[in-house]
1. Answer with yes or no whether residue 197 is crowded, with 20+ Cβ neighbours inside 10 Å, in contact with a strand residue (DSSP E or B) (Cβ under 8 Å, 6 or more places away or on another chain), of a type in the set (Asp, Glu) and touching a residue at least 24 places away in the same chain (Cβ under 8 Å).
2. Determine which member of the set 59, 64, 83 is assigned to a loop (DSSP other than H, G, I, E, B) and either at pLDDT 90 or above or surrounded by 17 or more Cβ atoms within 10 Å (Cβ to Cβ) (or both).
3. Restricting attention to segment 112-124, does a residue exist that is surrounded by 13 or more Cβ atoms within 10 Å (Cβ to Cβ) and either among the acidic types (Asp, Glu) or without any contact (Cβ under 8 Å) to a residue 60 or more places away in the chain (or both)?
4. For residues that are closer than 19 Å to residue 193 by Cα and not polar (S, T, N, Q), tally how many sit in segment 232-250.
5. Consider residue 45 against the criteria (1) surrounded by fewer than 24 Cβ atoms within 10 Å (Cβ to Cβ); (2) within 16 Å of the chain's Cα centre (by Cα); (3) in contact (Cβ under 8 Å) with a residue 40 or more places away in the chain: it satisfies all of them except one. Which criterion is unmet?
6. Return the residues of segment 128-158 that are free of Cβ contacts under 8 Å to residues at least 60 places away in the same chain, part of a strand (DSSP E or B) and more than 29 Å from residue 267 (Cα to Cα); say none if nothing qualifies.
7. Out of curiosity, is residue 75 over 24 Å from residue 3 (Cα atoms) and in a strand (DSSP E or B)?
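The values are calculated or read from the model by the stated rules, or taken from the named source; none is laboratory data. Model, not experiment: these values are computed from the prediction. Here the Cβ is made from the backbone with ideal geometry for all residues, glycine too, and neighbour counts use every protein chain on show.
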Amino acid sequence: MGYGATGYTTAKLTVGHSLVYADLTDSFGVETARRYARSNHEAIKKVSEIVREHDIECDFEEADNYVYTESGESVREIERELDAAQAAGVAAELTTDTDLPYDVAAAIKIPGQAQFHPWKYLAALARGVEGDGSHVFEETRATNVRSGTPCLVEADGGRIQSRHVVVATQLPFLDRGLFFTKAHPMTSYVVAARIGEDGAPRGMYISVDQPTRSVRSAASDAGSRILIVGGEGHKPGDEPDTNRRYERLERFMGERFGVGKAEYRWSSHDYSRVDKLPYIGRLRRKDEHSFGRDRLCQVGDEQGNSGGLDADRWGSSGEKTSTPTCTTQSGPICATPPSTSRERTATSRASSSATAFGRARARMRLSNSLPEKG
């Protein structure tokens, strides 16, 4: 689990997703923006509760989030986004005071956000799924879902029956809903290296300037942290020499933070939604048993925005309730057990895997850890 996009983002849990609230308000109205903010806030709170309740060691840290610009020409955009975020109920403030080693012209600060190590988090949740009639299957690719009573999930090596099925891959791999026509893929890059604790930023940052830069630091050995810098996004196939993307990030890291050669580097593939909202609900309008929950929208140019997955449990009528589902997986299939008998929750590594709890209408990305050195 977590070896796809979930394991290769920058591990921020935040309601501050670059310049999103102004766009949502303009396109859908302030109430949609409020729901977007509220669901993200609830999802972060839920992850925090799970970490504490189950004593999960996943480098979970509270941190302030900043959406910033270095250019005076973009200050008006920051101010407009601040107004929209505050109208949506986000406890945001305008500031120029950050712990970055360079000046910013303006920044939106949102306190009380979080960051963590998603692989460690997912491993703990997976251990909790096992038992009581539920199972996690890795290396098991789901190939088809037949909706009905019961539903049937066809997978490598077998079939699984369930009352409801949640397809929570990066995009639903079934043609139902034509979701592939409503999003486009993006590739982005990350470099990381050790930095002394005194020079490591403790806030989480994303710039509105181009090229976008995502910056944060993660826990490491005593006396040091891991500086993580992301950005350089583009549509797949547009860049014949991807090494240049890493070199630009490495140069930024050296010029701004005095860090030499990157110790880690990786890239990830994600999707940008046309309307910047996640797709949650029935795969087909009249289908009361098969539901979709896509991987969260890519925000801006990188994948270090928060992201979280939380899914409601759908009742037999297809309506959502406030009771959280057993689990959902980003990249797998989640088969919801029926109320009258125990069925198995199946997961596959169709893409990346991420387990989450909470209420729907949220966009919180469960994000990253460090891969092998390379």
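1. On the way: crowded, with 20+ Cβ neighbours inside 10 Å: no; in contact with a strand residue (DSSP E or B) (Cβ under 8 Å, 6 or more places away or on another chain): yes; of a type in the set (Asp, Glu): yes; touching a residue at least 24 places away in the same chain (Cβ under 8 Å): yes.
It is false that residue 197 is crowded, with 20+ Cβ neighbours inside 10 Å, in contact with a strand residue (DSSP E or B) (Cβ under 8 Å, 6 or more places away or on another chain), of a type in the set (Asp, Glu) and touching a residue at least 24 places away in the same chain (Cβ under 8 Å).
2. Details: 64 fails: assigned to a loop (DSSP other than H, G, I, E, B); 83 fails: assigned to a loop (DSSP other than H, G, I, E, B).
None of the others qualify; the one that does is 59.
3. Let us first name the residues in segment 112-124 that are surrounded by 13 or more Cβ atoms within 10 Å (Cβ to Cβ), namely 112-124.
When the remaining residues are screened for being either among the acidic types (Asp, Glu) or without any contact (Cβ under 8 Å) to a residue 60 or more places away in the chain (or both), the result is 112.
There is at least one residue in segment 112-124 that is surrounded by 13 or more Cβ atoms within 10 Å (Cβ to Cβ) and either among the acidic types (Asp, Glu) or without any contact (Cβ under 8 Å) to a residue 60 or more places away in the chain (or both).
4. 8
5. Looking at each condition in turn, residue 45 falls short on (3).
6. Matches in segment 128-158: 131, 146, 152, 154, 158.
7. No, not satisfied.
Condition check ((1) in contact with a helix residue (DSSP H, G or I) (Cβ under 8 Å, 6 or more places away or on another chain); (2) in a strand (DSSP E or B); (3) surrounded by 20 or more Cβ atoms within 10 Å (Cβ to Cβ)) across all residues:
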position	(1), (2), (3)
160	no, yes, yes
171	yes, no, no
176	no, no, no
192	no, yes, yes
